[in-house]
Amino acid sequence: MTSITGIIIEEKEVLKKALKMRGLFQHIRNLMLGEESLRGNSGIPDGKGLIDQNSYSVIEVDKLLNVVDHAKTLVGKDTIHKAFAQNILTPAQIEEKHKALEEIANDETLRTELSLLLDNAAEYEDSFYRLLFSDFIGFMFSPDTERMEVAGYGYDLYGKATKFLPGVVADAEGLKQPQSAYIQDIINEIKSFSGTRPFQLMQGPVFSWLGKFYLKDEKKGKPGIKLRLSLFKPALAPLILLMTVLLPYALNIGMGQFTTISLLPLTLLLFYLPIVGGFDKDAFIVPLRRIYSRSDEVEKVVSVIGKLDELMSYHRYAEKSVHATVLPTMVVSDNQYIKVEGAVNPVLGFSDESYVANDFDASQHNLAFFTGPNSGGKTAFCKTLAQIQLLSQVGCYVPAQSATLTVADRVYYQTPEINTLDHDVGRFGTELKRTRDIFKEATTNSLVILDELAEGTTHKEKLETSLMILEAFKRLGSMTILVTHNHELAEHYVDKESAVFRQVEFDGERATHRFVNGISIISHADLVARSVGFSKEDIERMLEEKLATAKA
């Protein structure tokens, strides 16, 4: 008895899973309804994926996506977002994408054909999703578009929706043969969809009998009703006429008051449209869309289209960038490191030709310091390094003359969190908790950027705590970068020659936004104070003016 009960439970679970919409389509439905977003790191728990929520915000990944995302399809945009937030590729996988991007850049014919394939896909993609998710409400009520309601019975939408994947397959079959393995795999996956049952049903014609669907070659004399994407059914014309003639008798009204023609609209509205349209909806359109939304073959081919769109999006990003871009060299190493030449910020430098480029080489050390005054560009360049790390890991171009990196398992960026203070422990404790959480999850293959450390305590305790933390990260092996005004922290490692030291360069009193080797021991606080109009002289002048006004 127990075994039979177990089998029944197992069968119910299998059925329950089969009745569920595929995960990708459920996610896209939530995107279209505004229940989920293509931006932001929501839904990815801290410690999972490549970036945690705080780092995602500080690194400004949304802004990075805005310049990189040139995808034409919704699934392409979703693929790009997931690549930045969740996926971690191996160097070999990244190299495959690089070869594909090189082929796209060098082969104009292939590039044009792929772009046309995506244009055609984008034309019908929305209709396909709306077919899967919409409610068809007939013609008696006004549709609520925010709830994805559609007037009618789904004929027009089904016709457009079923052009989506068959159209992509047709374009793929007429495509020039790609040379790179990555594009070959994508195109082969698309072509293989033509051998699936869902594809054949989309192509049609489709017949239905007793809840089962048949294709033309399967029917073979069996009874069946053919799906016609129109309310007009020639075979039903005599029935319509008969219903119109009999309508006065059914309503118990005098025939002399009406003509058959005058009753025809009423017949169509009350009987023909709901019966015929409702039958087609319930017997064909809804069951067929259920097949499509639950098909792993359909989900797979839609995902593959997203991957192709992602690839073309990275090509367009490089094409539109005003600075030189390069495909980075991804290497395997025991420790995380970054080496870039002529790097500019992917977001700020995307359309700014005057943006200052910088070099950074941490291939020999896993600890680096950036020192110098505020507004010198320290934080902006550290965000540049983090963003270049992300671009590199998704297989994208980076804005630099050259770049060599390892694959990070986590990218962390810590900044002072004044707006989220824990009142029980104050600023020092709040920031220390954040550092602790990063350290607990970090590994030898992590990139950790810290914008100041141990704020909110005495200078002596700050130095002691900061050195303790830095030494722990250094021994762990993480690639750790510290942005700091406290030159003493950097000087602690000078004699050991065990860190990289970069400081803001100045041209007289003006920061050039370039970085040179060394440690800045001057904060240039007077320059910053003068720039905001609150220097010693400004304070004295303002005080005299206020006192003079008070006496008057």
I need the full set of residues from the stretch 456-488 which are part of a helix (DSSP H, G or I), small (Gly, Ala, Ser) and surrounded by fewer than 20 Cβ atoms within 10 Å (Cβ to Cβ), in order please. Ala472
Is it the case that Ser446 is in contact with a His (Cβ under 9 Å, 6 or more places away or on another chain), assigned by TED's automatic domain parsing to the domain that holds Arg434 and among the hydroxyl-bearing types (Ser, Thr, Tyr)? no
Scan the stretch 140-150 and tell me whether some residue there is surrounded by fewer than 16 Cβ atoms within 10 Å (Cβ to Cβ) and among the hydroxyl-bearing types (Ser, Thr, Tyr). yes
Condition test on Asn335, is it surrounded by fewer than 17 Cβ atoms within 10 Å (Cβ to Cβ), touching a residue at least 24 places away in the same chain (Cβ under 8 Å), assigned by TED's automatic domain parsing to the domain that holds Phe515 and touching a strand residue (DSSP E or B) at 6+ places or on another chain (Cβ under 9 Å)? yes
Residue satisfying all of: in the stretch 142-171; assigned to a helix (DSSP H, G or I) and over 17 Å from Met202 (Cα atoms); modelled with the highest pLDDT among these: Arg147
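Results for (1) surrounded by fewer than 24 Cβ atoms within 10 Å (Cβ to Cβ); (2) in the same structural domain as Thr444 (by TED's automatic domain parsing); (3) at pLDDT below 95; (4) over 18 Å from His98 (Cβ atoms), shown as yes or no for each residue.
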{"residue": "Phe350", "(1), (2), (3), (4)": "yes, yes, no, yes"}
{"residue": "Tyr355", "(1), (2), (3), (4)": "yes, yes, no, yes"}
{"residue": "Thr384", "(1), (2), (3), (4)": "no, yes, no, yes"}
{"residue": "Ile388", "(1), (2), (3), (4)": "no, yes, no, no"}
{"residue": "Asp409", "(1), (2), (3), (4)": "yes, yes, yes, yes"}
{"residue": "Glu417", "(1), (2), (3), (4)": "yes, yes, yes, yes"}
What pairs come up if the first residue lies in the stretch 509-530 and is assigned to a loop (DSSP other than H, G, I, E, B), the second is at pLDDT below 85, and their beta carbons are under 7 Å apart, counting only those six or more places apart or on different chains? Glu509/Leu527; Ser523/Pro373; His524/Pro373
Within the stretch 1-102, which helices (runs of 4 or more DSSP H) (wholly inside it) include 3 or more residues that are at pLDDT 90 or above, farther than 19 Å from Ser313 by Cα and not assigned by TED's automatic domain parsing to the domain that holds Ala403? 23-32, 53-58
So, of the residues in the stretch 282-304 that are of a type in the set (Gly, Ala, Ser) and in a helix (DSSP H, G or I), which turns out to be farthest from Lys82 (Cα to Cα)? Ala283
Does Glu189 satisfy the criteria of being surrounded by fewer than 19 Cβ atoms within 10 Å (Cβ to Cβ), touching a helix residue (DSSP H, G or I) at 6+ places or on another chain (Cβ under 7 Å) and within 30 Å of Ile94 (Cα to Cα)? yes
Could you go through the stretch 246-263 and let me know if any residue there is surrounded by 12 or more Cβ atoms within 10 Å (Cβ to Cβ), in contact with a Leu (Cβ under 9 Å, 6 or more places away or on another chain) and at pLDDT 55 or above. yes
Any chance Asp451 is of a type in the set (Asp, Glu), at pLDDT 85 or above and assigned by TED's automatic domain parsing to the domain that holds Gln387: yes
Search result, residues across the stretch 498-513 that are among the basic types (Lys, Arg) and buried (at least 18 other Cβ atoms within 10 Å of the Cβ): Arg502
Determine whether Asp495 is exposed (fewer than 14 other Cβ atoms within 10 Å of the Cβ) and either in a loop (DSSP other than H, G, I, E, B) or in contact with a strand residue (DSSP E or B) (Cβ under 8 Å, 6 or more places away or on another chain) (or both). yes
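The values are calculated or read from the model by the stated rules, or taken from the named source; none is laboratory data. All values reported here derive from a predicted model rather than from experimental measurement. Note: ideal-geometry Cβ built from the backbone for every residue, glycine included; neighbour counts use all protein chains shown.
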